[in-house]
Each structure stands twice: as structure tokens, then as C-alpha cells.
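One structure is given below, encoded as C-alpha cells.
Values quoted throughout were computed directly from the atomic coordinates according to the rules given, and no laboratory measurement underlies them. What you see is a predicted model, and the numbers here were worked out from it, not measured in a lab. For neighbour counting, all protein chains shown are included, and Cβ atoms are generated from backbone atoms with ideal geometry for every residue, glycine included.
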Amino acid sequence: MTDMIVSELGQAWNEFAHGFAHLLPRLLEMLIIALVGWVIAYLLKVMLRSLLRLVKFDHLSELAGATQLLSTAALPSPSGLLVQLVFWITWIGILLAGISFLDIGGLQKHIGVFFLYLPRFFVALFVIFLGMLASGFFARAALLGAVNSDLPSPHLLSQAVRVLIIALTISMAFEELGLAQRTIIIAFAIVFGALMLGMAIAFGLGGQGLAREFLERRLSAQRRERKHEGDLSPL
Amino acid sequence: MAEDNILSDDLLRQLISVGEVDILVGLHTHNHAKTIGHVVQVIREGLLKYFPRERVAVLNADGGSVDGTRELVRAASITDLRRENSFYTLRTLHCISSQYGTNVSNGTAMHIIAAAADLLRARACAVIAPESSEIRPDWMDQLLGPVYRDNADFVAPVYRRQRFEGILVTNLLYPVTRALYGKSIREPRPGEFAFSDLLGSRLVGHPMWSQDAGRLGPEVCLTLEALAEGHRIVQAFLGPKGQAERPAPDLVAALRQTVGPLFWSMENASGAWSSPAEAPTLLTIGPTFDVSTDGMANVDLARLHQMFCSGAKDLESVLKSIVSADTLSQLQYAASLDEAHFHLSEELWAKAVYEFASAYHRSAISRDHIIQALAPLYRGRAYTFVTENLNAAPDALGERIEALCVTFERFKPYLLELWSAPERGS
Amino acid sequence: MALPKVPLWYKDAVIYQVHVRAMYDSNGDGIGDFRGLAQKLDYLQELGISAIWLMPFFPSPLRDDGYDISDYRSVHPSYGTLEDFQLFLHAARDRGIRVVIEMVLNHTSDQHPWFQESRSSLNNPRRDWYVWSDSDTRYRGARIIFLDTEMSNWAWDPISKQYYWHRFFSHQPDLNYDNPAVREEMWNVMKFWLEMGVDGFRLDAVPYLFEREGTNCENLPETHGVIKELRRRLDENFPGRMLLAEANQWPADLLPYFGKGDEFHMAFHFPLMPRMFMGLKLEDRKPITEILQQTPKIPDTCQWCLFLRNHDELTLEMVTDMERDYMYDVYANEKAMRLNLGIRRRLAPLLDNDRRRIELMNGLLMSLPGTPVIYYGDEIGMGDNIFLGDRNGVRTPMQWDGGWNAGFSSSDPESLYSALIMNPIYGYQSVNVTSQRRLQHSLLSWMRRLLQVRKSTPIFGRGSIEFLYPDNHRVLAYVRQLGEETILAVNNLSASAQAVELDLQRFKGNILVEMFGRNIFPRIGELPYLLTMGPYQFYWFRLRRI
């Protein structure tokens, strides 16, 4: 029995040593890949930072209002955030590619899923960025239009436009990410539809008089303005 | 070439029939039937009186009139096909008309006229506003004479204005243009003007046509081009501007037609105005400044003030991206004053305008938004100008405008500094 | 030999205007004569003309180049004798060439025996043959025609101590047509020449035959009475002969001279001629089409007579002041070129000796409705001498060759009736018949071809005219039709190449055949017919449906 135990122990040790000997090179490879990956990610980060500086990304983000949003959340600047994101995603991606060398069953599938998900993640980011740009642009346009047309509450109008666009953008991003798709879409539809319905009812039925008064004031303001502009023709 | 697309087959065929001309007169119309008949008759009379031996033609670029405008223009032709007993002419006078599309565009029409003048090798080309109710035959001589006979390249008009007519011109366009180039072009956005074949050939392939500036305000671009390139410019006094009843463009549209092209032209030719070369002296035929005190503008000053104040307040976030902090605080201070104490000084106005120009140059925000953001400031300036000159005599009014121009000239170094400064935040 | 009796022969004619004095000198006295002219008839036959219009050859003191006649029934001795004239006439007829002579009805020379008698006393039987007055204030409405030389239409006669009336030079007293004897005598004069065989008369200065107070003394109704009478007698006694009116009037004012086909057969279309020159310089057909639009329809048996130049100045009487100033500025910038509200230059110098313009103008002359007249020498592009007095600069000797006296005369050059043109451009060494005959593409050869083509169809002389009005105003285009035959003439009046679209839809299906080269051009379809034309080019197309 002692011999059997020794033999079994010896066999187990052999298997372990065999397994370790099988794993160790791969582990070493993985570590090398991780190191190389870090270097690559770092270089990419540096290049991206230069590129973003070249295209004035921070300036655009400021226009989009993204800078302000991030600073409120005590987050770094948009370009800083982006280069960090790219750095980590690159390194993690390479790491995961390295891990796949370990040949651990089951892990491959998840690593694959991760890589397949990455493009959608970036698309969603891009959609959000564009949406923020657009919201800033149209909010400003609405503000200018309202101010120059002497509409009441121009800021409210401007913010409403901004919020609407951002909400639309976020729901599009979530849809792209595949997160709570149906919930988001339904929620968006409910909110948007309610808003439109409410305005219709308000102006159509409940606020006829108000609507009428508003329109009359608006039109006569336009006439007055035109009259004034006409008498004081700028050209 | 762009002109291949802008001259339709129909127009090209008509131009072939016209052949080489000495003088071309262009009109841009869109439903101008009420006025165009008279305008074209007067043009014809002027051409026959002052250029009886020259080969002349009238070209109408129409934006899709449905009221018979084009037919009225064509009816003014003098040909052997239709005999008129009212007067005799040595030559045929072609009055041709072609529709360029249904999207009315000043720029497209001007481009067509310039291209046609170039193709027909016209030595002189005049553009006349189709609603000029005060047009006289001698306008043809005033506008075309210096170009055709005396080798001028560009003739700008001088009008007799109502006291507070054209504040955007007298308080912004004119002072800025003068500060940039040292030339007192009273009407940088002329309703009527003339140019030579030399200037015209430059215009045909000009980059302005593909820009909003060229589409909305080609007259301003043309004037500044003439200044930038050192062309020989003459001003001719035409008398009252006079325009038949047509709704005036609203303020934002007016800004887009004037200030936008002004800023664009500054950018396009910054080398020329930052250190303007020696250019021929500006010759003016007739008075350089004439103001009519007939009739008073019925202005709601309170509303002007109120719109400045609300604009300065509500657009703070926008103005922050355009003007300097100092200027912004001064504007906000001005906005806090009541009517009795309100005053938008010349210095503040000049500084603000130059900062707007610089912001346009940097594309601090959307360029169109920059232009729109100027509206409340203009109103404030208009309020100040009107209240300061309500009872001023014409001479005094002229001196005020002159003082404003001097202020703009004094602040030119500031503009140069802003223009060449590195981008904010980078 | 009798010429064939062709009704309305003058409609098909091409007339050659010549002064016998200028054509050829057969006897070496320095002056052309009838025998000389007869020797040159072969040349004229070869050229292709069908009638000669002779300028006055009657005895005359020659103070107005023969228009001051002192004997209506004879030939000036410098030009030969009556027999010489008859010889010439027969020679012309032998070659199928008709002869039209000048007849100055309005006035005579003051050397004419009639006037000598008339002035001799107040009681002389011929006193009333002229228009006399005690004062020079009558008929104030009449204009002075020779503005450069005459101050008044009255001249004082020191012999009879009265004023006599003269519309032209003072040495050309006007005959008094209120006197039946004058009218009868003038018919007798005409009869004299008709019996000899002339084919017609160019009646000079017809608008001025009568004077009436309170009028401008031109185109008075009485004039037409006289003409009608002459015409009646002509048709009765000498059918087939022709009367051509020289009346420098607006077309509408000329219309009465045709009557109802019972007055003149032909009349010069004076207002058209300067407008042809004007249209060429303006590069605009407007002056030409406008005057022809204003030209009234004339009786079917009548005909307009067209010309480019003649022995007189290019008259600018029938144009507006603006037009006259323009013509002076562009065609006669030197004062010496101007005379009596006109320009005294020949065709070639007027057109800067530009062969293309000369061809174009001749093309117009031959294709516009009317009978064309070629002024002698213009077929070879002769020049002029504006420094010879009066209109003599355009009446210099014909240039036959580059030799002695241009082949005109064997006399000493100093004895020639007029100096030859000698400058390097137009001088007889460069411009002469002999040289041009040798060259296939000379102007003379081209003129011969032109006349050949014109005579190939009666359309040009007898057809209707309808103008096309293409948008390109530099192109003058018109359609001539006679019966089933149609010709399209297209003329580029501009110095630069032109494209023109012609609306020929009603001739759809016809092929165009260019008449000079006889090459075919594309068939007329639905679309406007596009032609491209070189500078001053013209086309004559015959339309054929095959």
C-alpha cells in the first residue's frame, strides 16, 4: 500500500509537473504579451493624444458641453478620458488575447464575446459624442432664435431642445449597446409621446385662450418688430 | 469651370445671339413686375442717351417669377422685328431674360451676370436693383461712364439717405471697411454698381460663390475684393436710394447678407487689409455724404433697449465664446442701465465688432451663430445712435459717423492682435 | 440687230453705269469716247452686265460733268459724233446689251441756246421757258441742294436784270414746266433718242420740275402729270422702253413716282444704300431691315434700282442727324472726304479695300429686291482721289492695265481729262483689268461669277422678299421666292465668325444647295437650322425638295 501511495503520489506529482511544465511557457508567453501589450497601449495613447490635440478635440468637446459635464463629475478632460479609455481597452484586449494562450477552456468563448462587443461600445460612444455636439449646436441655435425673435423664456426653450436631443442620443447609444433596449425605447416613446400629446392638448383644448393670446402676442410682436425694423431699415 | 453649370442652355443660346457687347446691364429679379417695367425703360433711355453708338445689352437673371417679370424685361428690347415709333436707335438693343432656378439667390444671379459679362467681353457691366423707384437715365452715365471711358474698375454709389436709414451700413459696414483699407466707401453693400472687365474676370472663378458669403452678400464681397486687390474705385452720387414697397429683410437676415460676407472677406484677404498696399486714390463724383431729413423714423426706442438688455443677458453663454471677458462685462453693465442712462459707446462697439470678427475667424462657435449673436448688440448701438442724433443737423450727423470711423481706425491694431493671436485654450 | 422683246426686261437686268469720257480713249486726245467704249463692249459682255447706263454725253460746258447740257440732240465733240454713238449703240445691241441714257429734264446749261434766247429780253418767245422773278424771295420753302457752293436757289442775271431759278448750280437754270412748249420740246428730245434706238432714260432731278409758293418745291402733283404724259407717249410709240427716276426721297415719297404703273418703271432706292454701309459698320442688320420694312409695295411692273456707289457723293440726305454723324465718323473722318451732305469716295476705299466686305456688299446688292447698278471700276476695286475737286475723285479713268496711262489712252498723261489713281494700293499698276483677268480668284473674276449666279434665276430680279429675324442681329437673312422657286440668302455683317439659328420650319424637308459651289447642305428639319459663318461671309442657298 505504501508503494501504491508513493506510486500514486509520484504519478500525481508527475502529472502536476507535466501540467506545470505545459502551463509555464504559456504563462511566460502571456506575461510577455501583457508587457508588449502595455507598450503598444502606451504608444497608442501617446499617438491618440497628439491626434486629438491636432483635431482640437477638447475644443469640440467644449462646444458640445462634454467638458463641462465631465468636470462636474470630477472626471478628467474628454481627451484625457478618451486616451485612458483607449489605453485600458487596448491593454485589456491584448491581455485577454494573451490569456487565450493559456488554453483554459470556456475562457475563449468569453474573450470572443468581449472582442465582438468592442465595436458596438465605440459606436455608442461616438453616437453620444455626436449627440452632445448636436445638442449644443441646436440648443444654441434655439437660444439665439428665441432671443432675436423676442420669445419668452428662451433659456427654457434652449434647454428643452438640448435635453430632448441628449435623451434621443442616449437611447440610441443604449440601443447600440444592447442594454435594456426595450425598456429604454418604451420609456423614451412614453416620455416623448406624452410631451407631444400634452402640448397638443394644452394648446388645442385646455389652453386655447392662452395659446391664442400667445400667438397674438407673438404675431403682433413680429409685426411691431417688422414695423420697427422697416422704419429703421438696417440696410 | 463653375460657370459651365450656372449658365443654362437657354441663356447661353441667348448670349450667342447677343454676341460681343461693350456694355452689359444686369438685373436680378424675383416677382418684380410692379417695378421692373419702369426700371428697364429708364435703363434703356439712359443707355440710348449716353451710349448711343455702343453695343449694349440688358441681362435679367430671374429667380422664378410668376408675375410676368421676365416678359416685361424682354419687351424692352429694341430690334428690327418690332418697330417702335417713339424713338430711333442706331443699333439693336437686346433685353434678355433667363430663369436660373426657383431657389432665389442673390449670389447665383450675380455670378450669372459676371459670367455673362465675361463671355460677352463687356468692357463695363452695371448691376441695377430691380426695385429702384428713384432710378434716372443719368445713372447709366454715372455708373458706367467712369468704367467705360475712364478706366475705373469699380463704381460704387453714394445715396442720399434718410437720417436713420441704414444704421448697419453707417455704423458697421462703412467704418470697418474704411478702417481695413483706408478708403471711404460709403456703400460697401451697393444696390447699384458697375465693374470693369478686369474685375469681372476675377469674379467669375472667385471662391466666394461656393460660400454662404457669396450666396447671400455678393455685393459686399465684390466691394471688398475690389479694395483688397487695389483696383481703381470711383464713387458716384446717385441721389435718393428709393425702394418701392417691399418688405425689408429682418435684422438677422440683414446681418447674414452683410456682416457674414464682411467677415468672410476679411478672412479671405487678410494679407491685403492687415498691411494694405498703396492703391489709387478714391475719386468721388458728387457729394460723399448726403442726408435727407424728410420724415422721421417711427422707432420704438424702448423696445430696442429692451431687446439689447435681454439679449445681452440671455446670450451670456454664447457671448462668452465670442467676446473677451472685459467686453462681456461692459456689455452686461450696459444692459443693467435704464433707458435714460443707456449708452453703447463707440469704443465698446468697435471693440465688440472686432472681437466678433476674430471669433468668426477662429470659428469659436458656428459662424452663423456668431452673426446671429450680433443682433442684440446692433440694437443697442442703433438705440445709442438714434438717441444721440435725434435732432442733429446733417453736418453734425456726418461728423458723428466720421468720429465713429476714427474710433474703428484707432482700434485696428487691436483687431490685428486678435487676428493673429493663437487659438484660445490651445 | 433687235434685242429680244422681253417684257419687264429691266427687272432682270444688271446695269453698268459708265461715263463715256472715263472708259476708253480711242483717238489719243486724253478723253474717252464712243468708239473707245464700243471697243470695250466685249469686256462688259464678259463681265455679264446686260445694260449700260450712260452718263450725260451731250454738248456741255462741262461745269457739272455734263449735267449742264447745252444741246440735247448731239454728242459732245470730245466723245465723238452722233454716228459714233449710233455705232456704239448697234455694237451694244449685237452683244445683247441695252443702253439707257441720261436725260436731264429739270435744267439746262446757261450756255444752252434756249437760255441765251430767254435771257436776251423780257419779250423773247423763249422768255417763259425758264423761271424768272424780280425778287429772290419767292419759294422760300425750297432747300438748297448744293450747300457747299450755292447760297440761294435764285441767281441774278445781269443781262435781263431779273433773277432766275436754279435748284442746282447757278449755271444750271431750271426749265419752266408750267410752259407747255417746254414739255413738248422735252418729249421731242426724248423721241429723238428713242428713234435712234436707246432702251431707256434715267431722268435726272425729277422731283424739282415745278415750283409753287408755300411748298418745298419737291414732288409736287404737277410733276406726276408731266411724267404720266411722257410715259403714255413712250408706251404708245416705243413700247418696251424704260424710264428710271433719279429722286432722292424717302421710299414712301417715291411711291407716287411709280403711279399705278403709269409713271416711272424704276426708281433708285436712295435711302437703302447708306444703310447698307451703316449696317456693315454697326454689325447690325437693323438699319437695313428697318428701311426695307418702311418701303411700300410698288406696282408689279415697277422695280427698285439698287446701287452701292455712283458718280455722286454717297448721299446722306435720307438719314437722321445721328446716322449722318455716325457715317461721317466711321467712313469719312477727313473733312476732304465730305461733300454736300455726303461722302465722295468709291466702294473699295470706303471698305478699306477689304475683299471680304467688298464681296459681301456686292452680294447684298445682287440679292436684295431690285435691279442692281454697278458703277464702272468697282468691279475691279478702283480707288479714288479725294483731292480732285467736286466729285471728280470718283470719276477717274478706267484702269485697263498697268502700262501707259493705265491702258486708257495713248495720249500724254498730262492731257488726260483727269489724273489717274497712282498710289500703291489703288494705283493702276496694282488694280487693273488685265491683271485681274489673269487671276482666277481676283475680284473681277469673282464679280463675273457673282453675276453668272445671279442671272441663273429670275428670282433675284422678280421674286418677293421675306426677312427672317434670327436672334443674332449680326446676321441678315431673307427668303426670295418666285413661283415654286425659293432662295435663302444669309449674310454675316460682322467682322467675326457667327453662329445663327434660322427658323426654316415651313421649308421643312428641303435640301439647301449652295449656289456658288453647288454643294448640298443638310436637309431642313424640325429644329432651327444652325449655320456657322466666317467674317463677312454670305450664302445663297437654293431650296430643293428631293
- Angle, helix C:180-196 long axis vs. longest principal axis of chain C, Cα atoms, 0 to 90°, nearest 10? 50 degrees
- Rounded if a/c is under 1.5, else prolate if a/b beats b/c, else oblate: with a ≥ b ≥ c from the C-alpha gyration tensor eigenvalues square-rooted, which is segment C:463-544? rounded
- Message: How charged is the neighbourhood of B:PHE193? Take every other residue with its Cβ under 9 Å from the Cβ of B:PHE193, and add Lys/Arg as +1 and Asp/Glu as -1.
- Response: -3
- Task: Give, rounded to the nearest 20 debye, the magnitude of the charge dipole that the protein assembly as shown has about its Cα centre when Lys and Arg contribute +1 at Cβ and Asp and Glu contribute -1 at Cβ.
- Result: 2040 debye
- Task: Report the far tail of the P(r) of segment B:2-292, meaning the percent of Cα-Cα pairs longer than 29 Å.
- Result: 28 percent
- Message: Cut-off 10 angstrom, C-alpha nodes, Gaussian network model of chain B. Which of B:LEU48, B:LEU198, B:LEU315 fluctuates the most?
- Response: B:LEU315
- Message: For Cα pairs less than 8 Å apart in space and 6+ apart in sequence, what is the mean separation divided by the residue count of chain C, i.e. the relative contact order in percent?
- Response: 12 percent
- Local electrostatic count at A:SER79 - Lys and Arg +1, Asp and Glu -1, tallied over other residues with Cβ under 13 Å: +2
- Query: How many angstrom lie between the C-alpha centres of segment A:105-177 and segment B:138-191?
  - Reply: 49 Å
- At q = 0.04, 0.05, 0.09, 0.10 Å⁻¹, base-10 log of I(q)/I(0) for the protein assembly as shown (Debye sum, equal scatterers on each alpha carbon): -0.42, -0.58, -1.10, -1.25
- Message: Run lengths n ≥ 4 of DSSP H only: what is the helix-derived mean residue ellipticity at 222 nm for the protein assembly as shown, with -39500 (n - 2.57) per run over all residues, to the nearest 500?
- Response: -15000 deg cm²/dmol
- Item | Taking segment C:463-544 and dividing mean pair separation by its residue count, relative contact order in percent (alpha carbons under 8 Å, at least six apart) | 32 percent
- Sequence-distant or interchain residues sharing an amide H contact under 5 Å with B:ARG163, placed H: which? B:SER292
- Query: Amide H neighbours of C:TRP53 under 5 Å, counting only residues 5+ apart in sequence or on other chains, H built in-plane at 1.01 Å?
  - Reply: C:TYR16, C:GLN17, C:VAL18, C:VAL100
- Specify the angular offset, from 0 to 90 degrees and rounded to the nearest 10, of the alpha carbon long axis of helix C:272-282 from the longest principal axis of the alpha carbons in chain C. 50 degrees
- Residues of segment B:379-394 with backbone N under 19 Å of the label point set 7 Å from the Cα of B:ARG303 along Cα→Cβ are B:379-387
- For chain B, find the longest principal axis of its Cα atoms and tell me its angle to the long axis of helix B:106-119, 0 to 90°, nearest 10. 40 degrees
- Message: How much of the DSSP bridge set in segment B:2-292 is antiparallel, in percent, rounded to the nearest 5?
- Response: 20 percent
- Query: What is the local net charge at C:ALA419, summed over the other residues whose Cβ is closer than 15 Å to its Cβ (Lys, Arg +1; Asp, Glu -1)?
  - Reply: -1
- Message: Just want to confirm a number: the relative contact order over segment B:2-292, from Cα pairs under 8 angstrom separated by 6+ residues, in percent.
- Response: 21 percent
- Could you work out how far the C-alpha centroid of segment A:1-47 sits from that of segment C:1-58, in angstrom? 130 Å
- Step through the table entries A:LYS56/B:LYS183; C:LYS297/C:LYS508; C:LYS260/C:LYS455; B:LYS49/C:LYS335; C:LYS260/C:LYS286, compare each Cα-Cα distance with 32 Å, and write down the pairs that go over it. A:LYS56/B:LYS183
- Task: Write down the percent of antiparallel bridges among all DSSP beta bridges whose residues are both part of the protein assembly as shown, to the nearest 5.
- Result: 45 percent
- Rounded to the nearest Å, the spacing of the alpha-carbon centers of segment B:356-397 and segment B:41-67 is 37 Å
